[in-house]
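Trainee: Below you will find the structure I want to go over with you.
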Amino acid sequence: MVAQSATLRSKGELMERMSKPDVITGSEMLLRSLVLEGVDCVFGYPGGAVLFIYDAMHGFSDFHHLLTRHEQGAIHAADGYARASGKVGVCIATSGPGATNLVTGIATAYMDSVPLVVITGNVATNFIGTDAFQEADITGITMPITKHSYLVRDVKDLPRIIHEAFHIANTGRKGPVLIDIPKDVSSHKAMFKPVNEVSIRGYNPTVSAKKPQIDKMIKAIEEAERPVILAGGGVVYSGGHEELYEFATKAGVPITTTLLGLCAFPSGHEL
């Protein structure tokens with residue numbers, strides 16, 4: 001009990017310390033914001049455009065980074081972490097080829113509804129669009145395979161963007177969100193003020209079915225000659241396996257699952 005109380009107290013003290021307003025660099029804002037979001041560890045591989053971020057990690061004992069040997073390893077590790085823990089996976093990569101090496105992992109997370117926050121570096125803002133060394137339009141490249149993308153042009157926006165990114169990634173149908181941070185933004189200083197509220201116009205995901213939708217589904221099942229339930233990964237991610245079992249057994253409807261929904265229903269059941 002004493003150890004548990006000490007742990008809770010230290011976590012509370014950490015959050016209080018990280019929440020204090022202070023004039024710091026964009027890189028330090030990023031690390032603080034990730035800690036305040038409850039991130040346990042970040043997977044990444046360093047490069048020129050994210051060196052300021054990696055410099056900020058030095059001596060930052062409350063931040064845990066796991067070095068991979070390739071950017072694709074970082075994104076897949078973050079994906080696996082998110083699936084296993086139920087938390088948002090986070091990874092960091094540099095600009096250009098570092099960022100493009102993440103594409104396969106981002107697409108995997110998007111197709112499988114895995115919550116990720118993907119942080120990439122980019123060239124300085126005044127070089128964007130000039131075909132500068134190792135510049136790539138990663139927000140444009142990943143637009144079809146992310147829930148949302150941010151290109152941070154002002155260091156003051158960084159805390160809000162990070163908070164919004166975690167909210168988008170982990171609500172509704174979960175998925176990857178990309179934050180592209182130019183090198184000068186990560187080095188500029190500004191007043192850090194934590195963001196505790198999210199208000200995104202146009203993003204209000206539906207989290208529960210409406211009665212007309214349920215009535216329509218019931219009618220379709222009643223009129224069906226040979227109804228069958230196809231359960232997918234959403235049942236697993238939402239923890240809805242008990243409701244699925246109750247529904248299938250009461251309705252007497254046979255059930256099969258997708259690959260990601262294999263553990264959503266007992267495989268030895270008569271249905």
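The values are calculated or read from the model by the stated rules, or taken from the named source; none is laboratory data. What you see is a predicted model; the values in this text were computed from it and never measured. Because the Cβ atoms are built from the backbone with ideal geometry, glycine has one as well, and the counts that use them run over all protein chains shown. These area figures cover heavy atoms from the full protein model, side chains too; ligands, DNA and RNA do not enter into them. Shrake-Rupley method; radii C 1.70, N 1.55, O 1.52, S 1.80 Å.
Trainee: Looking at the stretch 185-209, which of its residues are of a type in the set (A, V, I, L, M) and open to solvent by less than 90 Å² (accessible area, probe 1.4 Å)? Don't jump to the end; show me each part of the working.
Mentor: Step one: list which residues in the stretch 185-209 are of a type in the set (A, V, I, L, M), which gives 185, 190-191, 195, 198, 200, 207, 209.
Selection gives 185, 190, 195, 198, 200, 209.
Residue-wise test of (1) at pLDDT 90 or above; (2) in a helix (DSSP H, G or I); (3) out of contact with any helix residue (DSSP H, G or I) (no Cβ under 8 Å at 6 or more places or on another chain).
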site	(1), (2), (3)
230	yes, no, yes
234	no, yes, yes
243	yes, yes, yes
247	yes, yes, yes
256	yes, no, yes
260	no, no, no
263	no, yes, no
268	yes, no, yes
271	yes, no, no
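Trainee: Separate question: State whether the residues of the stretch 88-99 include one that is closer than 28 Å to residue 233 by Cβ, assigned to a helix (DSSP H, G or I) and under 12 Å from the mean Cα position of the chain (by Cα).
Mentor: Taking the stretch 88-99 and keeping what is closer than 28 Å to residue 233 by Cβ, we get 88-93, 99.
With assigned to a helix (DSSP H, G or I) added as a condition, the list becomes 99.
Checking which are under 12 Å from the mean Cα position of the chain (by Cα) leaves us with none.
Looking for residues that are closer than 28 Å to residue 233 by Cβ, assigned to a helix (DSSP H, G or I) and under 12 Å from the mean Cα position of the chain (by Cα), one finds none in the stretch 88-99, hence no.
Trainee: Next question, about the same structure. In the stretch 9-77, which strands (runs of 3 or more DSSP E) lie fully inside it and hold 2 or more residues that are at pLDDT 95 or above and surrounded by fewer than 20 Cβ atoms within 10 Å (Cβ to Cβ)? Show your work before the answer.
Mentor: Details: elements: 22-25, 42-44, 65-67.
Of the strands (runs of 3 or more DSSP E) lying wholly inside the stretch 9-77, those with at least 2 residues that are at pLDDT 95 or above and surrounded by fewer than 20 Cβ atoms within 10 Å (Cβ to Cβ) span 65-67.
Trainee: Then there is this: Could you list all residues from the stretch 89-122 that are of a type outside the set (Ser, Thr, Tyr) and open to solvent by 20 Å² or more (accessible area, probe 1.4 Å)? Outline the logic, then answer.
Mentor: Start the filter on the stretch 89-122 by keeping residues that are of a type outside the set (Ser, Thr, Tyr), which leaves 89-93, 96-99, 101-103, 105-107, 109, 111-112, 114-119, 121-122.
Passing the criteria: 97, 101, 103, 107, 111, 112.
Trainee: Okay, moving on. Before we move on, is residue 131 charged (D, E, K, R), closer than 24 Å to residue 24 by Cα, over 19 Å from the mean Cα position of the chain (by Cα) and surrounded by fewer than 24 Cβ atoms within 10 Å (Cβ to Cβ)?
Mentor: So residue 131 fails the test.
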